[in-house]
Amino acid sequence: MTTHEQQEQEVKRFFSTNLLEWYKVQKRDLPWRRHRNPYYIWISEIMLQQTRVDTVIPYFNRFIERFPTVESLADAPEEEVLKCWEGLGYYSRARNLQHAARQVKELYGGEVPNDRDAVFGLKGVGPYTAGAILSIAFNRPEPAVDGNVMRVLSRYFLLEDDIAKVPTRVKMERLAAELIPEGEASHFNQALMELGALVCTPKSPRCLICPVMEHCAARLAGCETSLPVKTKAKPPRPEERLAALVTGSGEHAGRVLIRQRPQSGLLARMWELPHWPAPPAEGGGPGALPEAAALDRLRRSLRQAGILARPEGHWTAAEHTFSHIVWTLQVYICREEDALALPLAAEARASYAAAAAVPAAADGAAGTGAAAELAPAEPFADGGHPEDAGAVRWIRREDMADYAFPNVFLKLLNSYFDEAEKEQL
DNA sequence: AAAACGGGGGT
DNA sequence: ACCCCAGTTTT
């Protein structure tokens, strides 16, 4: 063995032993670290995907209280799981998690399997989460490479590969596996992620308190802040939308109309205020749509969705940023026309739902050119909006507890009910 | 290989 | 106000 290879080995050994010692002293007291319950580890790892520890903690505690075991999760109504996930984002994680709980119940007697292929086969479990469960819960020497780990390794070993690429992750996994000290997979993998979260942070790493800074190649080269290398995500596309806050009349007095989103796609099965794409303003940029045009457009969208309501005026604007879209919602207060006519509205929705089941023309034509000129009762040029088939409910503030809302609608509804309450006084 | 899929924190 | 962060599934 050459001296160069010996040095390389020494740098690796230094990293592993120092990091492990640091972790044993510095590790945070986190709810899922208080027991070695594979179910807790699994739930926490799914929640921690794309999400920071501080955000996850209250969700984790509520979730475990409500679904203490794999079986309780497998047997729960899906809406309750979704409600528990409300505000956490990436809601397919919640549905995949319940699907996987049913897999564990049916296939493995309710015990999280201690087996690589079995864990991998669970819905919502990919290479990172499989490694995390196997190492943290069962102390198996599997790598668990997330963004934190790639940042730490790319700096310590000065690796300039693009961490957005799959081959880079595979390379990091090989390296991470090599670094695991005998019998210490659980602590070591957590140590790696803990270092990335507390010390080797993206913007201004705290190199002076880092347990391995002495041999950190990026630090020695003075390039730690330019690592890891990562291709930039493309900016989200803007979408202007008109939203309706419909207040009930007659038997719906004091209530607001909400509707459920489709079974798949963005915010699947979540509840919301109804909203539709805003037609582009005359020769104008976004947001320039005149109020009269917006009211007219909204009136026709409501009618087409089978909602008998009249838009009355602009209430507020709200912005909601996804990773790939930015919604600007112009919210209009609308008044339900006649509660007694609701059966008719239900009928309109049902017939529209049937029509919507027929494959419609490609999306994107909404509100452009001719569509803006159509008579009120005519469908839009693109065949309508897929959301319009969704179920609707009239709710009071107390009823919000029974429906899962994306954050933007949670805020709008709370704010509306606050205002409505104040006016009562 | 690239896009879809939320929400929050740092600067 | 703007920039950054990041696993799995679907296309």
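The values are calculated or read from the model by the stated rules, or taken from the named source; none is laboratory data. It should be emphasised that the depicted structure is a prediction, and the values quoted were computed from it without experimental measurement. Virtual Cβ from ideal backbone geometry, glycine too; neighbours counted across all protein chains shown. Each accessible area value is taken on the protein alone, full model and side chains, heavy atoms only, with ligands, DNA and RNA left out. Shrake-Rupley method; radii C 1.70, N 1.55, O 1.52, S 1.80 Å.
Structure data summary
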{"item": "A:Val246 long-range amide H proximity, modeled H, under 5 Å", "result": "A:Leu257, A:Cys334"}
{"item": "Sites A:Leu220 and A:Asp402, calculated FRET efficiency, Cβ-Cβ separation with R0 60 Å, nearest 0.05", "result": "0.55"}
{"item": "Gain on full stretching of the segment that runs from A:Asn414 to A:Lys12 - 0.36 nm per residue minus C-alpha separation", "result": "139.4 nm"}
{"item": "Per-pair calculated FRET efficiency, R0 = 30 Å: A:Thr51 and A:Arg310 via Cβ, rounded to 0.05", "result": "0.15"}
{"item": "Amide proton proximity set for A:Val229, modelled H, under 5 Å, gap of 5+", "result": "A:Ile163"}
{"item": "Two-site FRET efficiency, A:Glu178 against A:Tyr90, from Cβ-Cβ distance with R₀ of 45 Å, rounded to 0.05", "result": "0.90"}
{"item": "Eligible lysines near A:Lys123 by straight Cα distance, threshold 17 Å, same-chain separation 8 or greater", "result": "A:Lys105"}
{"item": "Reachable lysines from A:Lys165, criterion Cα separation under 22 angstrom, eight or more residues apart if same chain", "result": "A:Lys203, A:Lys230, A:Lys232, A:Lys234"}
{"item": "Rough spin-label spacing in nm, given labels placed 7 Å along Cα→Cβ, for A:Arg335 and A:Arg34", "result": "5.3 nm"}
{"item": "By accessible area with a 1.4 Å probe, ligands and nucleic acids excluded, highest first: order of A:Lys232, A:Lys422, A:Lys12", "result": "A:Lys232, A:Lys422, A:Lys12"}
{"item": "Long-range amide H partners of A:Val331 with built H, under 5 Å", "result": "A:Ala243, A:Trp315, A:Thr316, A:Ala317, A:Ala318"}
{"item": "³J(HN,Hα) computed for each position of region A:224-232 - Karplus, 6.51 cos²θ - 1.76 cosθ + 1.60, integer Hz, glycine/proline x", "result": "4, 7, 9, 10, x, 6, 8, 5, 6"}
{"item": "Extension reserve of the A:Thr201-A:Arg116 stretch, reckoned as 0.36 nm per residue once the Cα distance is removed", "result": "27.6 nm"}
{"item": "Rounded to the nearest 10 Å², the accessible area of A:Arg335 at probe 1.4 Å", "result": "110 Å²"}
{"item": "1.4 Å probe accessible area per residue over chain A, in Å²", "result": "50 Å²"}
{"item": "Computed helical MRE - 222 nm, chain A, DSSP H runs ≥ 4 contributing -39500 (n - 2.57), nearest 500", "result": "-13500 deg cm²/dmol"}
{"item": "From phi via Karplus (6.51, -1.76, 1.60), per-residue ³J(HN,Hα) for region A:54-59 in Hz, x at Gly/Pro", "result": "4, 6, 6, 3, x, 5"}
{"item": "Highest to lowest packing among A:115-128, A:191-204, scored as the average C-beta count within 10 Å", "result": "A:191-204, A:115-128"}
{"item": "In sequence order, calculated HN-Hα J values of region A:158-170 (Karplus, 6.51, -1.76, 1.60; Hz; x Gly/Pro)", "result": "6, 9, 9, 5, 6, 6, 7, 8, 4, x, 5, 4, 5"}
